[in-house]
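**Student:** One structure, pasted below without further comment.
The values are calculated or read from the model by the stated rules, or taken from the named source; none is laboratory data. Treat the numbers as computed from the prediction; the structure is a model and nothing was measured. Heads up, the Cβs are rebuilt from the backbone with ideal geometry, glycines too, and the neighbour counts pull from every protein chain shown.
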Amino acid sequence: MPKVTIDLAKCTGEGTCVDVCPVNVFELQEIKGKKKSVAKNEKDCIGCRSCEVQCPEKAIKIED
Ligand code: SF4
């Protein structure tokens with residue numbers, strides 16, 4: 001199962017990952033007053049790397 005790591009220091013919560021993930025791994029949540037992406041359904045990840053490639057902040061790492 002791929003491991004999804006989000007660098008919350010880089011994440012701006014603009015939601016590209018939410019839009020591009022084909023299996024709805026991500027959800028935006030309010031963390032310390034700021035919107036951040038959370039890999040809520042990490043177990044569903046199929047390792048397509050769309051999120052990693054398309055995140056404008058390069059905040060996501062996918063490891064097999
Ligand atoms: S690698 Fe693909 S399936 Fe996994 S979280 Fe990113 S967009 Fe979703």
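**Student:** Can you name the residue in segment 30-40 that is assigned to a loop (DSSP other than H, G, I, E, B) and over 10 Å from the mean Cα position of the chain (by Cα) and is also farthest from the ligand (Cβ to nearest atom) among such residues? So that I can check it myself, show each step before the final result.
**Tutor:** So the first thing to find is which residues in segment 30-40 are assigned to a loop (DSSP other than H, G, I, E, B), and the list is 32-33, 39-40.
Among the residues that remain, those that are also over 10 Å from the mean Cα position of the chain (by Cα) are: 32-33.
Details: K32: 23, G33: 25 Å.
Out of the qualifying residues, it is G33.
**Student:** Can you tell me which of (1) among the aliphatic types (A, V, I, L, M); (2) in a loop (DSSP other than H, G, I, E, B); (3) touching a strand residue (DSSP E or B) at 6+ places or on another chain (Cβ under 9 Å) is the one V4 doesn't meet?
**Tutor:** (2)
**Student:** Moving on. With the requirement that a residue be on the phi > 0 side of the Ramachandran plot and basic (K, R), what does segment 16-64 give you? Let's see the steps before the verdict.
**Tutor:** Step one: list which residues in segment 16-64 are on the phi > 0 side of the Ramachandran plot, which gives 24, 32-33, 47, 49, 58.
Within segment 16-64, K32, R49, K58 meet the criteria.
**Student:** Going through segment 41-64 one residue at a time, which ones are free of Cβ contacts under 8 Å to residues at least 24 places away in the same chain and near the ligand (Cβ under 8 Å from one of its atoms)? Even if it seems obvious, please write down each step before you answer.
**Tutor:** Within segment 41-64, the first condition is being free of Cβ contacts under 8 Å to residues at least 24 places away in the same chain, and the residues that meet it are 41, 44, 49, 52-53.
D44, R49, E52 - these are the residues of segment 41-64 that are free of Cβ contacts under 8 Å to residues at least 24 places away in the same chain and near the ligand (Cβ under 8 Å from one of its atoms).
**Student:** Among the residues in segment 11-28, are any more than 10 Å from the ligand (Cβ to nearest atom), out of contact with any Asp or Glu (no Cβ under 9 Å at 6 or more places or on another chain) and at pLDDT below 95?
**Tutor:** The answer is no; no qualifying residue exists.
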